[in-house]
Amino acid sequence: MGFIESFKEGFYSNFIAGDMYKWLLDGLKTTLILTVLALIIGLIIGFLVAIIRSSHDKTGKLRIPNVLCVVYLTVIRGTPTMIQLLIMNFVVFAAVNLNRILVGALAFGINSGAYVAEIVRSGIMAVDAGQTEAGRSLGLNASQTMRLIVIPQAFKNVLPALVNEFITLLKETSIIGYIGMQDLTKGAMMIQSRTFNAFWPLIAAALMYLVLVMLLTFCMNKLEKRLRTNER
Amino acid sequence: MSVSGNVLLEVKGLKKYFGDNKVLDGISTEIHQGEVVTVIGPSGSGKSTFLRSLNLLETPTGGQILFEGVDITDPKVDINRHRQKIGMVFQQFNLFPHKTVRENIMLAPITLGLMKEEEAKEKADELLERIGLLEKADTYPNMLSGGQKQRVAIVRSLIMNPDVMLFDEPTSALDPEMVGEVLSLMKELAESGMTMVVVTHEMRFAREVSTRVIFIDEGKIQEENSPKEFFEHPKNPRLCDFLSKVL
(Lines give C-alpha, C1' and ligand atoms only; values in the text may rest on other atoms or scores of the structure.)
Protein backbone atom coordinates (compact mmCIF):
# COMPACT_ATOMS: atom_id res chain seq x y z
CA MET A 1 0.00 0.00 0.00
CA GLY A 2 1.43 3.37 -0.99
CA PHE A 3 1.66 6.43 1.22
CA ILE A 4 -1.38 8.18 -0.26
CA GLU A 5 -3.55 5.11 0.17
CA SER A 6 -2.50 4.54 3.78
CA PHE A 7 -3.13 8.24 4.49
CA LYS A 8 -6.64 8.02 3.05
CA GLU A 9 -7.29 4.79 4.88
CA GLY A 10 -6.08 6.20 8.22
CA PHE A 11 -8.15 9.36 7.86
CA TYR A 12 -11.24 7.37 6.91
CA SER A 13 -11.03 4.78 9.65
CA ASN A 14 -10.31 7.30 12.41
CA PHE A 15 -12.71 10.11 11.55
CA ILE A 16 -15.28 9.22 8.90
CA ALA A 17 -16.15 5.67 9.88
CA GLY A 18 -18.94 5.65 12.45
CA ASP A 19 -19.04 9.46 12.30
CA MET A 20 -16.22 9.57 14.83
CA TYR A 21 -15.25 13.12 13.79
CA LYS A 22 -18.34 14.17 15.71
CA TRP A 23 -16.61 13.15 18.94
CA LEU A 24 -13.92 15.69 18.19
CA LEU A 25 -16.37 18.44 17.24
CA ASP A 26 -18.62 17.86 20.25
CA GLY A 27 -15.51 17.77 22.40
CA LEU A 28 -14.34 21.02 20.89
CA LYS A 29 -17.68 22.62 21.71
CA THR A 30 -17.42 21.47 25.34
CA THR A 31 -13.86 22.75 25.57
CA LEU A 32 -14.91 26.17 24.25
CA ILE A 33 -17.95 26.55 26.51
CA LEU A 34 -15.94 25.42 29.52
CA THR A 35 -13.09 27.82 28.73
CA VAL A 36 -15.36 30.84 28.22
CA LEU A 37 -17.33 30.17 31.42
CA ALA A 38 -14.13 29.68 33.41
CA LEU A 39 -12.66 32.82 31.87
CA ILE A 40 -15.63 34.92 32.95
CA ILE A 41 -15.52 33.51 36.49
CA GLY A 42 -11.74 33.98 36.57
CA LEU A 43 -11.94 37.60 35.41
CA ILE A 44 -14.59 38.52 37.97
CA ILE A 45 -12.68 36.89 40.84
CA GLY A 46 -9.35 38.19 39.55
CA PHE A 47 -10.44 41.82 39.31
CA LEU A 48 -12.14 41.72 42.70
CA VAL A 49 -9.10 40.24 44.41
CA ALA A 50 -6.75 42.63 42.59
CA ILE A 51 -8.78 45.68 43.63
CA ILE A 52 -8.93 44.56 47.25
CA ARG A 53 -5.21 43.76 47.33
CA SER A 54 -4.02 46.95 45.66
CA SER A 55 -6.36 49.14 47.70
CA HIS A 56 -4.90 47.52 50.79
CA ASP A 57 -1.33 48.05 49.55
CA LYS A 58 -1.98 51.72 48.87
CA THR A 59 -4.16 52.76 51.79
CA GLY A 60 -3.78 50.07 54.45
CA LYS A 61 -7.57 49.61 54.55
CA LEU A 62 -9.55 46.37 53.92
CA ARG A 63 -7.26 44.33 56.15
CA ILE A 64 -9.47 41.29 56.66
CA PRO A 65 -10.57 40.95 53.00
CA ASN A 66 -6.90 41.24 52.08
CA VAL A 67 -5.96 38.37 54.39
CA LEU A 68 -8.70 36.23 52.80
CA CYS A 69 -7.36 37.08 49.35
CA VAL A 70 -3.82 36.13 50.34
CA VAL A 71 -5.04 32.77 51.67
CA TYR A 72 -6.96 32.18 48.44
CA LEU A 73 -3.93 33.02 46.28
CA THR A 74 -1.61 30.86 48.35
CA VAL A 75 -3.87 27.81 48.31
CA ILE A 76 -4.79 28.03 44.63
CA ARG A 77 -1.29 28.69 43.39
CA GLY A 78 0.20 26.14 45.77
CA THR A 79 -1.85 23.13 44.66
CA PRO A 80 -2.18 21.41 41.26
CA THR A 81 -5.14 22.36 39.10
CA MET A 82 -5.95 18.70 38.73
CA ILE A 83 -6.33 18.22 42.50
CA GLN A 84 -8.53 21.32 42.67
CA LEU A 85 -10.73 19.92 39.91
CA LEU A 86 -11.02 16.54 41.63
CA ILE A 87 -11.83 18.15 44.99
CA MET A 88 -14.46 20.35 43.36
CA ASN A 89 -16.14 17.34 41.76
CA PHE A 90 -15.72 14.58 44.33
CA VAL A 91 -15.74 16.59 47.58
CA VAL A 92 -17.46 19.96 47.22
CA PHE A 93 -20.18 18.92 44.80
CA ALA A 94 -20.13 15.19 45.63
CA ALA A 95 -23.65 15.20 47.04
CA VAL A 96 -25.09 17.71 44.58
CA ASN A 97 -26.13 16.75 41.10
CA LEU A 98 -24.75 19.84 39.40
CA ASN A 99 -24.02 20.01 35.68
CA ARG A 100 -20.42 18.84 35.27
CA ILE A 101 -19.59 21.65 32.95
CA LEU A 102 -20.50 24.09 35.73
CA VAL A 103 -18.39 22.14 38.22
CA GLY A 104 -15.48 22.31 35.80
CA ALA A 105 -16.05 25.98 35.03
CA LEU A 106 -16.05 26.76 38.74
CA ALA A 107 -12.88 24.79 39.38
CA PHE A 108 -11.01 26.31 36.42
CA GLY A 109 -12.46 29.78 37.05
CA ILE A 110 -11.41 29.81 40.69
CA ASN A 111 -7.99 28.55 39.63
CA SER A 112 -7.58 31.10 36.85
CA GLY A 113 -8.84 33.93 39.10
CA ALA A 114 -5.72 33.63 41.23
CA TYR A 115 -3.45 34.20 38.26
CA VAL A 116 -5.66 36.95 36.81
CA ALA A 117 -5.61 38.68 40.21
CA GLU A 118 -1.84 38.93 40.30
CA ILE A 119 -1.69 40.10 36.68
CA VAL A 120 -4.31 42.81 37.24
CA ARG A 121 -2.76 43.87 40.54
CA SER A 122 0.58 44.47 38.86
CA GLY A 123 -1.27 46.53 36.25
CA ILE A 124 -3.03 48.63 38.89
CA MET A 125 0.20 49.25 40.78
CA ALA A 126 1.87 50.35 37.54
CA VAL A 127 -0.62 53.19 36.98
CA ASP A 128 1.01 56.41 38.17
CA ALA A 129 -0.11 57.58 41.61
CA GLY A 130 -0.70 61.02 40.09
CA GLN A 131 -3.69 59.59 38.21
CA THR A 132 -5.40 58.65 41.45
CA GLU A 133 -4.49 62.00 42.99
CA ALA A 134 -5.93 63.86 40.03
CA GLY A 135 -9.19 61.91 40.30
CA ARG A 136 -9.46 62.37 44.05
CA SER A 137 -8.61 66.07 43.87
CA LEU A 138 -11.55 66.58 41.52
CA GLY A 139 -13.83 65.18 44.19
CA LEU A 140 -14.29 61.63 42.89
CA ASN A 141 -14.41 59.01 45.61
CA ALA A 142 -12.02 56.07 45.78
CA SER A 143 -14.21 53.62 43.85
CA GLN A 144 -15.11 56.12 41.10
CA THR A 145 -11.42 56.87 40.68
CA MET A 146 -10.60 53.17 40.55
CA ARG A 147 -13.37 52.37 38.07
CA LEU A 148 -13.07 55.32 35.69
CA ILE A 149 -9.40 56.20 35.83
CA VAL A 150 -7.17 53.44 37.19
CA ILE A 151 -8.80 50.20 35.96
CA PRO A 152 -9.10 51.23 32.27
CA GLN A 153 -5.40 52.09 32.18
CA ALA A 154 -4.40 48.99 34.14
CA PHE A 155 -6.48 46.78 31.85
CA LYS A 156 -4.76 48.14 28.77
CA ASN A 157 -1.35 47.50 30.34
CA VAL A 158 -2.05 43.89 31.24
CA LEU A 159 -4.09 42.84 28.21
CA PRO A 160 -1.25 40.76 26.68
CA ALA A 161 -0.69 38.96 29.98
CA LEU A 162 -4.43 38.33 30.31
CA VAL A 163 -4.64 36.77 26.86
CA ASN A 164 -1.69 34.61 27.83
CA GLU A 165 -3.65 33.44 30.87
CA PHE A 166 -6.65 32.78 28.60
CA ILE A 167 -4.48 30.59 26.40
CA THR A 168 -3.15 28.68 29.41
CA LEU A 169 -6.70 28.19 30.61
CA LEU A 170 -7.85 26.84 27.26
CA LYS A 171 -5.13 24.21 27.29
CA GLU A 172 -5.54 23.37 30.96
CA THR A 173 -9.20 22.41 30.46
CA SER A 174 -7.91 19.26 28.74
CA ILE A 175 -7.88 17.52 32.15
CA ILE A 176 -11.67 17.84 32.49
CA GLY A 177 -11.88 14.25 31.23
CA TYR A 178 -10.88 13.15 34.73
CA ILE A 179 -14.32 14.08 36.03
CA GLY A 180 -16.01 12.40 33.09
CA MET A 181 -16.59 15.29 30.73
CA GLN A 182 -16.05 14.69 27.03
CA ASP A 183 -13.97 17.59 25.84
CA LEU A 184 -11.67 17.78 22.83
CA THR A 185 -8.93 15.72 24.50
CA LYS A 186 -11.32 13.08 25.74
CA GLY A 187 -12.92 12.89 22.29
CA ALA A 188 -9.54 12.09 20.78
CA MET A 189 -8.88 9.44 23.42
CA MET A 190 -12.25 7.84 22.70
CA ILE A 191 -11.38 7.53 19.02
CA GLN A 192 -8.01 6.08 19.94
CA SER A 193 -9.60 3.40 22.14
CA ARG A 194 -11.97 2.49 19.33
CA THR A 195 -9.42 2.33 16.45
CA PHE A 196 -6.27 1.48 18.43
CA ASN A 197 -4.57 4.23 16.48
CA ALA A 198 -2.96 6.97 18.57
CA PHE A 199 -1.53 9.09 15.76
CA TRP A 200 -4.62 10.37 13.96
CA PRO A 201 -6.91 11.45 16.77
CA LEU A 202 -4.18 12.93 18.98
CA ILE A 203 -2.57 14.90 16.15
CA ALA A 204 -6.00 16.14 15.11
CA ALA A 205 -6.77 17.31 18.64
CA ALA A 206 -3.37 18.98 18.93
CA LEU A 207 -3.95 20.84 15.66
CA MET A 208 -7.33 22.05 16.83
CA TYR A 209 -5.86 23.45 20.06
CA LEU A 210 -3.05 25.03 18.08
CA VAL A 211 -5.41 26.75 15.67
CA LEU A 212 -7.50 28.08 18.54
CA VAL A 213 -4.45 29.52 20.27
CA MET A 214 -3.14 31.07 17.06
CA LEU A 215 -6.55 32.63 16.45
CA LEU A 216 -6.54 34.11 19.96
CA THR A 217 -3.04 35.47 19.54
CA PHE A 218 -4.01 37.04 16.22
CA CYS A 219 -7.09 38.78 17.68
CA MET A 220 -5.02 39.93 20.63
CA ASN A 221 -2.41 41.56 18.41
CA LYS A 222 -5.14 43.37 16.48
CA LEU A 223 -6.79 44.59 19.65
CA GLU A 224 -3.53 45.71 21.18
CA LYS A 225 -2.63 47.71 18.11
CA ARG A 226 -6.02 49.41 18.11
CA LEU A 227 -5.78 50.35 21.77
CA ARG A 228 -2.36 51.86 21.19
CA THR A 229 -3.29 53.95 18.15
CA ASN A 230 -6.21 55.29 20.16
CA GLU A 231 -3.81 57.12 22.41
CA ARG A 232 -1.00 58.18 20.17
CA MET B 1 -0.63 92.89 53.92
CA SER B 2 -4.04 93.64 52.51
CA VAL B 3 -6.88 91.44 53.63
CA SER B 4 -9.11 91.13 50.59
CA GLY B 5 -12.09 89.10 51.75
CA ASN B 6 -13.48 86.38 53.97
CA VAL B 7 -11.21 83.69 55.32
CA LEU B 8 -11.44 80.76 52.89
CA LEU B 9 -8.80 78.49 54.34
CA GLU B 10 -7.52 78.61 57.87
CA VAL B 11 -4.52 76.50 58.77
CA LYS B 12 -3.81 75.99 62.46
CA GLY B 13 -0.62 74.36 63.70
CA LEU B 14 -0.37 71.99 60.75
CA LYS B 15 2.08 69.13 61.32
CA LYS B 16 3.12 66.31 59.05
CA TYR B 17 5.66 63.67 59.96
CA PHE B 18 6.91 60.91 57.72
CA GLY B 19 8.25 58.57 60.39
CA ASP B 20 10.77 60.61 62.35
CA ASN B 21 11.06 63.17 59.59
CA LYS B 22 9.20 66.36 60.51
CA VAL B 23 8.19 67.72 57.12
CA LEU B 24 5.72 70.27 58.48
CA ASP B 25 6.41 71.48 61.95
CA GLY B 26 3.47 73.66 62.94
CA ILE B 27 2.25 75.87 60.12
CA SER B 28 -0.46 78.46 60.70
CA THR B 29 -1.83 80.89 58.16
CA GLU B 30 -5.05 82.13 56.60
CA ILE B 31 -5.98 82.32 52.96
CA HIS B 32 -8.55 85.00 52.21
CA GLN B 33 -10.94 85.12 49.32
CA GLY B 34 -9.35 86.71 46.25
CA GLU B 35 -5.80 86.31 47.51
CA VAL B 36 -3.04 84.93 45.33
CA VAL B 37 -0.53 83.40 47.72
CA THR B 38 2.74 82.06 46.41
CA VAL B 39 4.73 79.63 48.49
CA ILE B 40 8.46 79.46 47.91
CA GLY B 41 11.30 77.67 49.59
CA PRO B 42 14.23 75.36 48.97
CA SER B 43 13.49 71.81 47.81
CA GLY B 44 12.61 69.52 50.68
CA SER B 45 11.38 72.47 52.73
CA GLY B 46 7.84 71.06 52.96
CA LYS B 47 6.15 73.56 50.65
CA SER B 48 4.59 70.90 48.40
CA THR B 49 3.50 68.86 51.41
CA PHE B 50 1.89 72.00 52.82
CA LEU B 51 -0.05 72.55 49.59
CA ARG B 52 -1.07 68.89 49.29
CA SER B 53 -2.34 68.98 52.87
CA LEU B 54 -4.80 71.74 51.99
CA ASN B 55 -7.02 69.26 50.10
CA LEU B 56 -5.92 66.31 52.23
CA LEU B 57 -3.92 64.52 49.56
CA GLU B 58 -1.56 64.31 52.52
CA THR B 59 -3.19 63.43 55.82
CA PRO B 60 -1.85 65.79 58.49
CA THR B 61 -0.23 64.32 61.58
CA GLY B 62 -1.54 67.20 63.66
CA GLY B 63 -3.26 70.55 63.49
CA GLN B 64 -6.42 71.70 61.74
CA ILE B 65 -7.43 72.94 58.32
CA LEU B 66 -10.66 74.87 58.13
CA PHE B 67 -12.10 75.25 54.64
CA GLU B 68 -15.02 77.66 54.54
CA GLY B 69 -15.37 77.18 58.27
CA VAL B 70 -15.41 73.36 58.24
CA ASP B 71 -12.54 71.39 59.77
CA ILE B 72 -11.72 69.07 56.88
CA THR B 73 -9.17 67.13 58.95
CA ASP B 74 -12.12 65.71 60.90
CA PRO B 75 -12.47 62.11 59.65
CA LYS B 76 -16.25 62.44 59.79
CA VAL B 77 -16.22 65.16 57.14
CA ASP B 78 -17.01 64.07 53.57
CA ILE B 79 -13.75 65.21 52.02
CA ASN B 80 -14.90 64.40 48.48
CA ARG B 81 -17.57 67.08 48.67
CA HIS B 82 -15.06 69.71 49.78
CA ARG B 83 -12.48 68.69 47.22
CA GLN B 84 -14.98 69.58 44.50
CA LYS B 85 -14.48 73.20 45.57
CA ILE B 86 -10.68 72.99 45.83
CA GLY B 87 -9.11 72.77 42.38
CA MET B 88 -5.64 71.30 42.06
CA VAL B 89 -3.03 71.51 39.33
CA PHE B 90 -0.03 69.19 39.42
CA GLN B 91 3.56 69.47 38.29
CA GLN B 92 3.14 66.38 36.09
CA PHE B 93 -0.28 67.53 34.71
CA ASN B 94 -1.86 64.12 35.44
CA LEU B 95 -4.27 64.28 32.54
CA PHE B 96 -6.07 60.99 31.95
CA PRO B 97 -4.30 59.40 28.96
CA HIS B 98 -7.22 57.12 28.04
CA LYS B 99 -9.66 60.02 27.67
CA THR B 100 -9.79 62.72 25.03
CA VAL B 101 -9.10 66.30 26.04
CA ARG B 102 -12.81 67.08 26.20
CA GLU B 103 -13.57 63.88 28.17
CA ASN B 104 -10.83 64.80 30.64
CA ILE B 105 -12.66 68.03 31.38
CA MET B 106 -16.17 66.52 31.42
CA LEU B 107 -15.37 63.48 33.57
CA ALA B 108 -15.73 64.94 37.06
CA PRO B 109 -18.88 67.09 36.65
CA ILE B 110 -20.72 64.23 34.92
CA THR B 111 -19.57 61.49 37.30
CA LEU B 112 -20.51 63.59 40.29
CA GLY B 113 -23.91 64.36 38.82
CA LEU B 114 -23.31 68.13 38.73
CA MET B 115 -23.97 68.51 35.03
CA LYS B 116 -25.79 66.69 32.26
CA GLU B 117 -23.64 65.43 29.39
CA GLU B 118 -24.78 68.22 27.04
CA GLU B 119 -24.15 70.96 29.56
CA ALA B 120 -20.72 69.59 30.47
CA LYS B 121 -19.75 69.37 26.82
CA GLU B 122 -20.84 72.94 26.20
CA LYS B 123 -18.94 74.15 29.25
CA ALA B 124 -15.84 72.14 28.31
CA ASP B 125 -15.82 73.57 24.80
CA GLU B 126 -16.28 77.06 26.19
CA LEU B 127 -13.24 76.58 28.44
CA LEU B 128 -11.19 75.07 25.62
CA GLU B 129 -12.13 78.02 23.43
CA ARG B 130 -10.95 80.35 26.15
CA ILE B 131 -7.49 78.76 26.19
CA GLY B 132 -7.42 78.45 22.39
CA LEU B 133 -7.41 74.66 22.29
CA LEU B 134 -10.90 73.91 21.03
CA GLU B 135 -9.53 72.20 17.93
CA LYS B 136 -7.74 69.71 20.24
CA ALA B 137 -10.98 68.68 22.00
CA ASP B 138 -11.13 65.22 20.41
CA THR B 139 -7.44 64.35 20.57
CA TYR B 140 -5.73 62.44 23.35
CA PRO B 141 -3.40 64.17 25.82
CA ASN B 142 -0.33 62.50 24.26
CA MET B 143 -0.83 64.74 21.24
CA LEU B 144 -0.40 67.92 23.27
CA SER B 145 2.72 69.82 24.23
CA GLY B 146 3.56 70.22 27.91
CA GLY B 147 2.20 73.76 28.02
CA GLN B 148 -1.04 72.69 26.36
CA LYS B 149 -1.41 69.77 28.77
CA GLN B 150 -1.03 72.03 31.76
CA ARG B 151 -3.56 74.53 30.41
CA VAL B 152 -6.04 71.69 29.86
CA ALA B 153 -5.34 70.49 33.41
CA ILE B 154 -6.15 73.98 34.67
CA VAL B 155 -9.51 74.15 32.89
CA ARG B 156 -10.29 70.59 34.01
CA SER B 157 -10.25 72.02 37.53
CA LEU B 158 -12.07 75.17 36.50
CA ILE B 159 -15.16 73.35 35.22
CA MET B 160 -15.90 72.46 38.85
CA ASN B 161 -16.18 76.17 39.71
CA PRO B 162 -13.71 75.86 42.58
CA ASP B 163 -13.55 78.44 45.35
CA VAL B 164 -9.77 78.10 45.53
CA MET B 165 -7.14 76.66 43.21
CA LEU B 166 -3.94 74.96 44.38
CA PHE B 167 -0.95 74.86 42.04
CA ASP B 168 1.90 72.47 42.82
CA GLU B 169 4.90 73.73 40.84
CA PRO B 170 2.79 74.02 37.69
CA THR B 171 5.65 75.07 35.42
CA SER B 172 8.50 72.96 36.78
CA ALA B 173 8.05 70.10 34.31
CA LEU B 174 7.78 72.37 31.29
CA ASP B 175 10.28 73.26 28.61
CA PRO B 176 11.30 76.89 29.12
CA GLU B 177 9.47 78.18 26.05
CA MET B 178 6.17 76.83 27.39
CA VAL B 179 6.33 78.35 30.83
CA GLY B 180 4.96 81.69 29.59
CA GLU B 181 1.65 80.38 28.25
CA VAL B 182 0.86 78.63 31.53
CA LEU B 183 1.85 81.59 33.68
CA SER B 184 -0.21 83.98 31.60
CA LEU B 185 -3.29 81.79 32.00
CA MET B 186 -2.65 81.74 35.74
CA LYS B 187 -2.28 85.50 35.73
CA GLU B 188 -5.58 85.82 33.89
CA LEU B 189 -7.21 83.63 36.54
CA ALA B 190 -5.73 85.74 39.31
CA GLU B 191 -7.06 88.90 37.68
CA SER B 192 -10.51 87.37 37.41
CA GLY B 193 -10.54 87.15 41.21
CA MET B 194 -9.76 83.46 41.69
CA THR B 195 -8.26 82.61 45.07
CA MET B 196 -4.99 80.82 44.43
CA VAL B 197 -2.21 79.14 46.38
CA VAL B 198 0.82 78.56 44.19
CA VAL B 199 3.96 76.63 45.04
CA THR B 200 6.50 77.81 42.51
CA HIS B 201 10.06 78.65 41.63
CA GLU B 202 8.93 81.47 39.32
CA MET B 203 10.06 84.50 41.28
CA ARG B 204 8.72 86.91 38.69
CA PHE B 205 5.26 85.43 39.04
CA ALA B 206 5.52 85.67 42.82
CA ARG B 207 6.60 89.28 42.61
CA GLU B 208 4.21 90.50 39.93
CA VAL B 209 1.02 88.49 40.35
CA SER B 210 0.75 87.38 43.94
CA THR B 211 -0.73 89.40 46.76
CA ARG B 212 1.33 87.63 49.41
CA VAL B 213 4.45 85.50 49.46
CA ILE B 214 5.20 82.80 52.02
CA PHE B 215 8.68 81.43 52.58
CA ILE B 216 8.79 77.94 54.06
CA ASP B 217 11.93 76.24 55.25
CA GLU B 218 12.42 73.27 57.57
CA GLY B 219 8.68 72.79 57.83
CA LYS B 220 7.97 76.25 59.19
CA ILE B 221 6.82 79.56 57.75
CA GLN B 222 9.96 81.64 58.11
CA GLU B 223 8.54 84.81 56.60
CA GLU B 224 5.40 86.04 54.88
CA ASN B 225 4.80 89.44 53.44
CA SER B 226 3.54 91.46 50.51
CA PRO B 227 5.69 90.75 47.45
CA LYS B 228 7.26 94.21 47.50
CA GLU B 229 8.40 93.99 51.12
CA PHE B 230 9.23 90.30 50.75
CA PHE B 231 11.65 90.75 47.88
CA GLU B 232 13.00 94.20 48.68
CA HIS B 233 13.39 93.96 52.44
CA PRO B 234 13.67 90.30 53.43
CA LYS B 235 14.33 89.98 57.15
CA ASN B 236 14.80 86.28 57.82
CA PRO B 237 18.47 85.29 57.25
CA ARG B 238 17.47 82.01 55.58
CA LEU B 239 15.25 83.93 53.20
CA CYS B 240 18.05 86.41 52.41
CA ASP B 241 20.32 83.48 51.68
CA PHE B 242 17.66 81.76 49.52
CA LEU B 243 16.88 84.91 47.54
CA SER B 244 20.55 85.59 46.92
CA LYS B 245 20.76 82.18 45.26
CA VAL B 246 17.64 82.29 43.11
CA LEU B 247 17.47 85.94 42.02
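The values are calculated or read from the model by the stated rules, or taken from the named source; none is laboratory data. These numbers come from a predicted model, not from an experiment. Here Cβ is always computed from backbone atoms with ideal geometry, including for glycine, and neighbour counts include all displayed protein chains. Each accessible area value is taken on the protein alone, full model and side chains, heavy atoms only, with ligands, DNA and RNA left out. Shrake-Rupley method; radii C 1.70, N 1.55, O 1.52, S 1.80 Å.
By the gyration tensor of its Cα atoms, with a ≥ b ≥ c the square roots of the eigenvalues, what is the shape of region B:63-197: rounded for a/c under 1.5, prolate for a/b over b/c, or oblate? Oblate is the answer for region B:63-197, as a/c is 1.5 or above yet b/c matches or exceeds a/b.
Treating r as the C-beta distance of B:ARG81 and B:GLU30 and R0 as 22 Å, the FRET efficiency rounds to 0.50.
Each Cα pair under 8 Å and six or more residues apart adds its sequence gap; the mean of these over the residue count of chain B is a relative contact order of 27 percent.
Entry note, the protein assembly as shown: the mean residue ellipticity at 222 nm calculated from DSSP H runs of n ≥ 4, each adding -39500 (n - 2.57), is -18000 deg cm²/dmol after division by the residues and rounding to the nearest 500.
A Förster distance of 30 Å, applied to the separation of the beta-carbon atoms of B:HIS201 and A:ASN164, puts the FRET efficiency at 0.05. In the assembled protein chains, B:CYS240 presents an accessible area of approximately 50 Å² (probe radius 1.4 Å). The string of couplings for region B:50-66 from the Karplus curve (6.51, -1.76, 1.60, θ = phi - 60°) is 4, 4, 5, 6, 5, 10, 6, 5, 10, 8, x, 7, x, x, 10, 10, 9 Hz, one whole number per residue in order, with x for Gly and Pro.
Simple spin-label estimate for A:LYS225 and A:ARG63 gives 5.1 nm between the two label positions (7 Å along the Cα-to-Cβ direction from each Cα). Considering Cα pairs under 8 angstrom that are at least six residues apart, work out the relative contact order of region B:30-157 and quote it in whole percent. The normalised contact order for region B:30-157 reaches 22 percent.
Take the accessible area of chain A alone and of chain B alone, subtract that of the pair, and you get about 2000 Å² summed over both chains, using a 1.4 Å probe.
For region A:211-224, the Karplus equation 6.51 cos²θ - 1.76 cosθ + 1.60, evaluated at θ = phi - 60°, returns couplings of 5, 4, 5, 5, 4, 4, 4, 4, 4, 4, 4, 4, 4, 4 Hz by residue, with Gly and Pro reported as x.
Ranked from largest to smallest solvent-accessible area, with a 1.4 Å probe on the protein heavy atoms, A:GLU224, B:GLU122 come out as B:GLU122, A:GLU224. Under the convention that each Lys and Arg Cβ holds +1 and each Asp and Glu Cβ holds -1, the size of the dipole of region A:3-231 around its Cα centre is about 500 debye. With R₀ set to 51 Å, the beta-carbon distance separating B:GLU218 from A:LEU102 gives a calculated FRET efficiency near 0.20.
Across region B:124-132, rounded Karplus estimates of 3J(HN,Hα) from the backbone phi angles (6.51 cos²θ - 1.76 cosθ + 1.60, θ = phi - 60°) give 4, 5, 4, 5, 5, 4, 4, 9, x Hz, Gly and Pro being marked x. A simple spin-label model places the labels of B:THR61 and A:ILE16 8.4 nm from each other, with each point 7 Å out along Cα-to-Cβ. Evaluated over the Cα positions of region A:12-75, the convex hull gives a direction-averaged projected area, one quarter of its surface, of 6.0 nm².
Ordering A:LEU169, B:MET143, B:ILE27 by Cα displacement along the dipole of the protein assembly as shown toward the positive end leaves A:LEU169 in first place; charges were set at the Cβ atoms of Lys, Arg (+1) and Asp, Glu (-1). Distance between the pseudo-spin-label points of A:PHE7 and B:VAL7 (7 Å out from Cα toward the beta carbon): 9.2 nm. Put B:ASP20, B:ASP74 in order of accessible area, highest first, and with a 1.4 Å probe you get B:ASP20, B:ASP74. The residues B:LYS76, A:LYS29, B:LYS15, B:LYS136, sorted by heavy-atom accessible surface at 1.4 Å with ligands and nucleic acids left out, run B:LYS76, A:LYS29, B:LYS15, B:LYS136 from largest to smallest. Solvent exposure of the protein assembly as shown amounts to 48 Å² per residue of accessible area, where only protein heavy atoms count and the probe is 1.4 Å.
Averaging over all projection directions, the Cα-based convex hull of chain B occupies 13.5 nm² in the image plane. Between B:ALA206, B:ASN6, B:LEU66, the Cα set farthest toward the positive side of the dipole of chain B (charges on each charged residue's Cβ, about the Cα centre) is that of B:LEU66. Around the Cα centre of chain B, unit charges on the Cβ atoms of Lys, Arg, Asp and Glu (plus for the first two, minus for the last two) sum to a dipole of about 420 debye. How large is the dipole of the protein assembly as shown about the Cα centre if only Lys and Arg carry +1 and Asp and Glu carry -1, each at its Cβ, rounded to the nearest 20 debye? For the protein assembly as shown, the charge dipole is close to 1440 debye. Under 5 Å between amide hydrogens, built in the peptide plane, is the criterion, and for B:GLU35 it picks out B:MET196 among residues at least 5 positions away or on other chains.
Between B:ASN21 and B:LYS235, full extension at 0.36 nm per residue minus the direct alpha carbon distance yields a gain of 74.3 nm. Here the relative contact order of region A:3-231, from alpha carbon pairs under 8 Å that lie six or more residues apart, stands at 30 percent. Annotation for region A:63-97 versus region B:126-200: alpha-carbon center distance of 52 Å.
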